[in-house]
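Student: Before anything else, here's the structure in question.
The values are calculated or read from the model by the stated rules, or taken from the named source; none is laboratory data. Remember, it's a predicted structure, so these values are computed and weren't measured experimentally. FYI the Cβ positions are ideal-geometry reconstructions off the backbone, even for glycines, and counts take in every protein chain you see.
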């Protein structure tokens, strides 16, 4: 194989989300990343040039690249989460591009749920504003491990170092308040490309990495939980063939921790203990399995295991609970019913639940806890307790983004109405 | 911790396998749509990996426009034999004969849009509750907004402005009677990922993806293959060129590209250097800016 081909086989995947208010230049930044990293093709460029001309714009509007639906182009807004892809020789990137309007908190939560990093855009003319606070709160609520604050439109403040430093100091106070651990700052101009892919010639006072460089080098492997072995059983494999007559394999994706053949494990909810006999795949047995691998576990003893069960370390098990306290983001136009019944989807497990109490709601603009309003509606973030009809095997979301998360489903409409993070 | 590193292809593979297993667990009668193109070949390969050592626990379904490249059909049949997989074929010609659709006329006539009716009829007749497709979000701007688990109403329609939020890897496949889901296991793959993976896994693909000599003619900048299905204008002339296909769809709307690439390494380097998207060779997307969105709303793949 040629060097060129082998290079492509050795890239890491980084997922990031972008947050900014309507005029912060978010779409332009994404357009710039795609354009300067040569992920935009001639026919796409041609198509947006024609669209820009039709609308009478003077310059090609890079935002049109990300606005895919007819209504979005007509109204010049982004409605839904859009996914964009580009790659450099080091990494492949997936961008969850989410709209910045206040009514679309749910979209940002959606985009943030799988992200390794969040780009938070700040307009250098406006500095840290209410929306910046809101976006940072959500990024932190969803435990995105790395926050990159892009101080944009530096061209409009004469590339002023003083302005940059002021915004940086203001944001650090926000980060402290929210307990955000990893935050980095970059002064950019998405419109002209300064510090996006190429280092800026207008800001020689900034010695740090460009945005792309940072995205290429942030360490992400250790963001995954390799401590607590958790394997939600997704599907039971029982071949109907003579060769594999007695085979029973438990298929799933490692949520966290590491599994090795010979490991002592416990199956929840039965609590029965056994050992991992082998880790099977189409390509043969593995000597270990770690997140986010999809494998099949073969257990030493013949015990009853089915979808919704969880295979965990015998020494370190999650909590088995029916009373759960969690932060939720409500995502549906129909408000949450007090003491309402919903279906919970948690890993491969499903259970009916009843909402017990709304402890408080969060005012995402001031971060205040509101206790005198129990009505939880669209885009509200609240702390609730619920009781489930059967035990759930949970870790706190802070410890484990997979076994600590759930969705709530309306039993009448089947819609996903809330996203939850277990406390 | 270096030992827990995983490259992008293995991570995408793990995600797709998870999605395919989720379909098998959540639905009673799913099918996997199969066209014989590289994306559906990769998706099927992932399905085999998901359930090994058992066989894939659902059938494949091919919506046959009748306008095929013969190499694709031969490839499909050999693959089904080799893997012992059940294949359902539904023919657009049957929908035409039953009077359910009217064939387009004229030089640019295509059966591409008619496939939607044949597909939805197939889903209804066979009581399919989930159809997996090889659609990718990088292909086209309306597809960029698509979910992994995409809900369809009782008319098979997609409502892009009212999609269910999809978080973490918690997929909600709940539905009412008569509704169904489209699931796209390789949503997050790009064209490049697909080729790299074919190379990494040494997956067999139809030979028309590789460079060969072919009788073609030029229409709207595309190189179309000379065949009985496509009437040629008087001004269009047949030429012999060295070409390959970047995508394989209905023969009437899939253009070839001039290429000398006759190995997977060559193709990967060609894709890396390419300045146009693969759907640039697809005539069907050029009908209007929202051509894909409109077709998808009606129930297209």
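Student: List the helices (runs of 4 or more DSSP H) that sit entirely inside segment B:1-96 and contain at least 2 residues that are within 14 Å of chain A (Cβ to nearest Cβ) and at negative phi. Break it down stepwise before answering.
Tutor: On the way: elements: B:8-26, B:38-51, B:70-83.
Passing ranges, in order: B:8-26, B:38-51.
Student: Look through A:134, A:106, A:84 and report the one residue that is more than 20 Å from residue B:138 (Cα to Cα) and within 14 Å of chain B (Cβ to nearest Cβ).
Tutor: Details: A:134 fails: within 14 Å of chain B (Cβ to nearest Cβ); A:84 fails: more than 20 Å from residue B:138 (Cα to Cα).
Result of the check over A:134, A:106, A:84: A:106.
Student: Given (1) in contact (Cβ under 8 Å) with a residue 60 or more places away in the chain; (2) in a loop (DSSP other than H, G, I, E, B), identify the lone condition not met by residue B:122.
Tutor: Going through (1) in contact (Cβ under 8 Å) with a residue 60 or more places away in the chain; (2) in a loop (DSSP other than H, G, I, E, B) one by one, residue B:122 breaks only (2).
Student: What strands (runs of 3 or more DSSP E) completely inside segment A:141-255 contain at least 1 residues that are in the same structural domain as residue A:130 (by TED's automatic domain parsing) and more than 30 Å from residue A:305 (Cβ to Cβ)? It would help to see each step written out before you state the result.
Tutor: Working: elements: A:146-152, A:183-187, A:230-232, A:235-237, A:249-253.
Correct list: A:146-152, A:183-187.
Student: Further question: Regarding segment A:206-215, can at least one residue be identified that is over 21 Å from residue A:12 (Cβ atoms) and exposed (fewer than 15 other Cβ atoms within 10 Å of the Cβ)?
Tutor: As a first pass, look at segment A:206-215 and keep what is over 21 Å from residue A:12 (Cβ atoms): A:206-208.
Of the ones still in play, those that are also exposed (fewer than 15 other Cβ atoms within 10 Å of the Cβ) are A:207-208.
Among the residues of segment A:206-215, at least one is over 21 Å from residue A:12 (Cβ atoms) and exposed (fewer than 15 other Cβ atoms within 10 Å of the Cβ), which makes the answer yes.
Student: Sticking with this structure for a sec: Can you give me the number of residues within segment B:268-301 that are at pLDDT below 65, at the interface with another protein chain (Cβ under 10 Å from one of its Cβ atoms), out of contact with any helix residue (DSSP H, G or I) (no Cβ under 8 Å at 6 or more places or on another chain) and not in a helix (DSSP H, G or I)?
Tutor: 0
Student: So, one more: Could you go through segment A:336-343 and let me know if any residue there is under 25 Å from residue B:25 (Cα atoms) and either in a loop (DSSP other than H, G, I, E, B) or within 14 Å of chain B (Cβ to nearest Cβ) (or both). Outline the logic, then answer.
Tutor: Taking segment A:336-343 and keeping what is under 25 Å from residue B:25 (Cα atoms), we get A:341-343.
Those left that are additionally either in a loop (DSSP other than H, G, I, E, B) or within 14 Å of chain B (Cβ to nearest Cβ) (or both): A:342-343.
The answer is yes, given that some residue of segment A:336-343 is under 25 Å from residue B:25 (Cα atoms) and either in a loop (DSSP other than H, G, I, E, B) or within 14 Å of chain B (Cβ to nearest Cβ) (or both).
Student: Next question, about the same structure. Of the conditions (1) in a loop (DSSP other than H, G, I, E, B); (2) in contact with a helix residue (DSSP H, G or I) (Cβ under 6 Å, 6 or more places away or on another chain); (3) on the phi < 0 side of the Ramachandran plot; (4) in contact (Cβ under 8 Å) with a residue 60 or more places away in the chain, residue B:108 fails just one. Which one is it?
Tutor: Result: residue B:108 passes all but (2).
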